[in-house]
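Data block below; observations after.
Nothing in this text is a laboratory measurement; each read-out follows from the coordinates by a stated rule. Note that the coordinates shown come from a computational prediction; the quantities given were computed from them, not determined experimentally. Neighbour counts are summed over all protein chains in view; Cβ atoms, including those assigned to glycine, are modelled from backbone coordinates with ideal geometry.
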Amino acid sequence: MQNKLKIAFIGGGNMANALIGGLISGLTSADHIHVVDLNQQSLTKLETDFGVTTSLAIDARLLQMDAIILAVKPQNLRDVVSQLAPHLQGQLLISIAAGIRATDMARWLNGYEKIVRTMPNTPALIGRGVTGLYAMAGVSATEKQMAEQIMQAVGQTTWLEQENLLDAVTAVSGSGPAYVFYFIEAMQQAAQELGLTADQGTQLAIATFNGAAQLALHATEPVSTLRERVTSKGGTTYAALSSMEAAGIKQAIVDAIKAAAARGKELGDEFGQQA
């Protein structure tokens, strides 16, 4: 499959840029990638940076593609799908638009079921993302492999058997980078209030998060064991974690992620009401 896939992107924003960069590093070549976007400046940059072909409108070139990646804002996807419908003849559709269910896209396309819905996250911009994927019944095993390889161009992937679980993926990993940044901000603030400079606080907070995440990634023990090893009873870490427990921090985080999942379902319901 390498260097043979023909892939079109509808939308040329940040995530499309990240995917294109990853794809031409291994899975396909730049002359096999076509991008459609309404912004000529974005298209010109993509042509210059990657050597892909571009156009301002959906046209018959999409008939030649193996996969079409829908990389537009959720509120624009219904219109894009209606323009795309006449050009679909068995191509795999991969959506990275948050909140729009594959079942609704299939309904808008009069039952077209070669659709994989995905939920990547922003670390994909540096090739360190993680993406949840769900395939409709019309997607073959070969097409699932194609979708997986495409999304692995920007990080790890995990398949889901039920589409509603993408709301959980959205809440945990899709929104997750913001939770990490929020905690880093708190660490930076504490560092400064304790007398460190802003630069020192930033360095210590980010390096600590990065190092701890890498330790968790490579460890054979669960993260709870790693936490316990740092927490001597009566020590400084114990004092910090005891304060967090007393403030209900862990449960607040769990509740926040559940709130994100609930909002994801609500958005899917709202978008799905479009005729």
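Odds and ends about this structure:
- When peptides 10-16, 39-45 are sorted by average Cβ neighbour count within 10 Å, with the highest value leading, the order is 10-16, 39-45.
- Springs between Cα atoms under 10 Å define the GNM used for the chain, and in it the highest mean-square fluctuation of L63, L217, L92 occurs at L217.
- Leading residue at positive end of dipole, the stretch 7-163 (Cβ point charges), from A106, Q75, G155: Q75
- With 19 Å as the limit on Cα-Cα distance, the pairs of K114/K144; K114/K265; K6/K144 that go past it are K114/K265.
- Here's the picture: a label point sits 7 Å out from the Cα of T237 along the beta-carbon direction, and within the stretch 177-220 the residues with their amide nitrogen under 13 Å of it are 212-213, 215-216.
- Calculated [222 nm] ellipticity per residue, helices only, for the chain: -15500 deg cm²/dmol; basis is -39500 (n - 2.57) per DSSP H run with n ≥ 4, divided by all residues, nearest 500.
- Among S29, S173, S95, S224, sorting on how many other beta-carbon atoms sit within 10 Å of each Cβ, with the fewest leading, yields S224, S29, S173, S95.
- Rounded to 5, percent antiparallel among DSSP beta bridges of the stretch 7-163: 15
- You can think of it this way: the chain between T158 and V230 has 22.9 nm of extra reach, that is 0.36 nm per residue less the Cα-Cα gap.
- Here the Gaussian network model covers the chain, with springs between Cα atoms less than 10 Å apart; of T208, T236, T48, T236 fluctuates the most.
- R0 of 41 Å, Cβ-Cβ distance A252-S82: FRET efficiency to nearest 0.05: 0.45
- Per-peptide packing, taken as the mean over residues of other Cβ atoms within 10 Å, places 108-120, 126-138 in the sequence 108-120, 126-138 from highest down.
- Taking amide hydrogens as placed 1.01 Å from N in the peptide plane, the amide H of T157 sits under 5 Å from those of T131, each at least 5 positions away in sequence or on another chain.
- R61-K45 pseudo-label distance in nm [points 7 Å out on the Cα-to-Cβ vector]: 1.9
- A simple rule links phi to the HN-Hα coupling: the Karplus curve 6.51 cos²θ - 1.76 cosθ + 1.60 with θ = phi - 60°, which for the stretch 83-91 gives 6, 7, 3, x, 9, 9, 9, x, 5 Hz, with x for Gly and Pro.
- Using the Karplus relation 6.51 cos²θ - 1.76 cosθ + 1.60 with θ = phi - 60°, the per-residue 3J(HN,Hα) values for the stretch 203-209 come to 4, 5, 5, 5, 5, 5, 4 Hz, with x marking Gly and Pro.
- Antiparallel bridges, percent of DSSP beta bridges restricted to the chain (to nearest 5): 15
- The residue among Q40, A135, L63 whose Cα reaches farthest toward the positive pole of the charge dipole of the stretch 7-163, with charges on the beta-carbon of Lys, Arg, Asp and Glu, is A135.
- Cut-off under 5 Å, modelled amide H: who pairs with T54 long-range: V35
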